[in-house]
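Since the structure comes first, as structure tokens, the remarks are kept for the end.
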Amino acid sequence: MRYKLCAAVMALSVLTAAVSLSSCGAGTDSKISGISDETAPAEASELLVRNAPAAYSVDNGIEADDEPFTYYTYDFSAYGNNYMITATPDEKGTGLTLTVEDNQFGFTKFSVVPPDNYMVNFPYSQQYASQVCTVIKGSSEESGGIPDLLKIDFFLMNFDDENLPYSVSRLYSILNGRLAEVEVYNTEFQENGGTDAADSSVQSAGVTAVKSAGALVSSVDSMILDRMSYIPESSLYRTEDLKFMPEPIVTVNEDGSLSTEIITYTLNPSDMTMRRARETWTDVSDNPLYYGYAAHAIAGNVYQYFISTSLNVSDYENYVEVGAADNSDSRYFFKVDDPRFSNVAELRNYVLKYFDEKIVSEMFLKAPQQYRDIGGELYTILGDGGINDELGKLTITDWKIDGSTVTYHTKQEKYNSDYIMDGYVDGGDFVIEVSGGDDFIVKQYRYPNS
């Protein structure tokens, strides 16, 4: 009870205007230089007498009756210890001050300074305060006690540089009892501006592992790895104990086929560093887990046009009104603008490259995005099947390979009405039949957000 009382009162005290402490300032250890010396245990009575100025407000277009975002407190675990981390806006209104309380009532402060040209993705109001950060829960103590990770997203402040990602992120966790930024290093050339160094090439080095300003020398692979100033993806979730993956991006190739790349980040909890790498998934027997993620991403890219969105439509002013067969309300069809398809037959044959006949028939029969040929061209209804916002990321828990058939068992994040993750639900089975290399047919599938 005393711990909870102390934490509750602390939530009021963190509204004070704290002096900004840069997480990359001078110090013997760059990982903890952004933390103040305020580490002595604090009693509830001491917290009550601290100054508490007026609540912070940010003009994010919120409604007049909404309470502006001021703070949010997260439960956090690392190596068997429990913490409470309270996030408040900093004085500049672009970064955050994180106040960390340990289970001995000790406090430290950590300033989150956004990357250049970015600011923290602040919630629109206090109602959505939990969204200012994301806690990626760690593995259980039985699995080695992998610590939680605190993920903070940053949004681009202006768009003068078209090469900068719209949204990026950084990770934080506990190192030696204190909050620290997770240092992320690239293992390959990157063109998106995510590295600190001007040249992100990899050079040979035959020395033992040491860290320097902006680089990590690995004795394992004798490479100098450039430190990235941010993770160029905002979506990130755990796929293995020490591996994390952003949402795969599916690309339409020149011949109309689909491909995707799988990027992973591997955590070293002993020094809170991460390595960014590209997974190879061209053979299911060599890398069945990420083959499954790649296949699932491609399946979702195709299936979305039959449940959550229509194929591209450019002309919304001209449409064709078609009366329903049962004399109910008319339906309005718009011309599809996609060079891959000129009629329903071409669209169906394309979908059959990725799904079996049974699933394809159901897709065309039940989809709210009805497709039909009108005047020798492909038309569609602009509709969607609705999105279940209580469901989050889907992850693969295990798999079984039986000849050419691979069955993936999945689980999916479940969120409550306050947009806070509240455990997992069964994500269903994802079944594919592999014909060789990266060629597969989906035999069983459920769209994750349906």
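The values are calculated or read from the model by the stated rules, or taken from the named source; none is laboratory data. Keep in mind that what you see is a predicted model, and the values were worked out from it rather than measured. Cβ coordinates were reconstructed from backbone atoms using ideal geometry, including for glycine residues, and neighbour counts include every protein chain displayed. Keep in mind that these areas ignore ligands, DNA and RNA; they rest on the heavy atoms of the full protein, side chains included. Shrake-Rupley method; radii C 1.70, N 1.55, O 1.52, S 1.80 Å.
Overall, the anisotropy analysis places the range 376-436 in the oblate class: the square-rooted eigenvalues a ≥ b ≥ c of its C-alpha gyration tensor yield a/c not less than 1.5, with a/b not exceeding b/c.
Please compute the alpha carbon radius of gyration of the range 293-450, then divide it by the globular-protein estimate 2.2 N^0.38 Å. Two decimals is fine. Don't skip to the answer; put the middle values down first.
On the way: Rg = 17.8 Å, N = 158, 2.2 N^0.38 = 15.1 Å.
The range 293-450 yields a ratio of 1.18.
Of the peptides 334-344, 153-163, 81-91, the order by per-residue mean of other Cβ atoms within 10 Å, starting with the highest, comes out as 81-91, 334-344, 153-163.
Each of ASP337 and GLN127 was given a label point 7 Å from its Cα along the Cα-to-Cβ line. The distance between the two points is 3.5 nm. Taking every protein chain into account, the 1.4 Å probe leaves ARG348 with about 70 Å² of accessible area, to the nearest ten. Plainly put, the range 275-378 has a radius of gyration that is 1.09 times its Kirkwood radius, both from alpha-carbon atoms, as the Rg/Rh ratio. Within the range 343-449, what percent of beta bridges assigned by DSSP are antiparallel, to the nearest 5? Around 95 percent of the beta bridges assigned by DSSP in the range 343-449 are antiparallel ones. My understanding is that a pair violates if its Cα-Cα distance is over 23 Å; which of LYS400/LYS443; LYS109/LYS137; LYS109/LYS414; LYS137/LYS411; LYS92/LYS151 do that in this structure? Pairs exceeding 23 Å: LYS109/LYS414.
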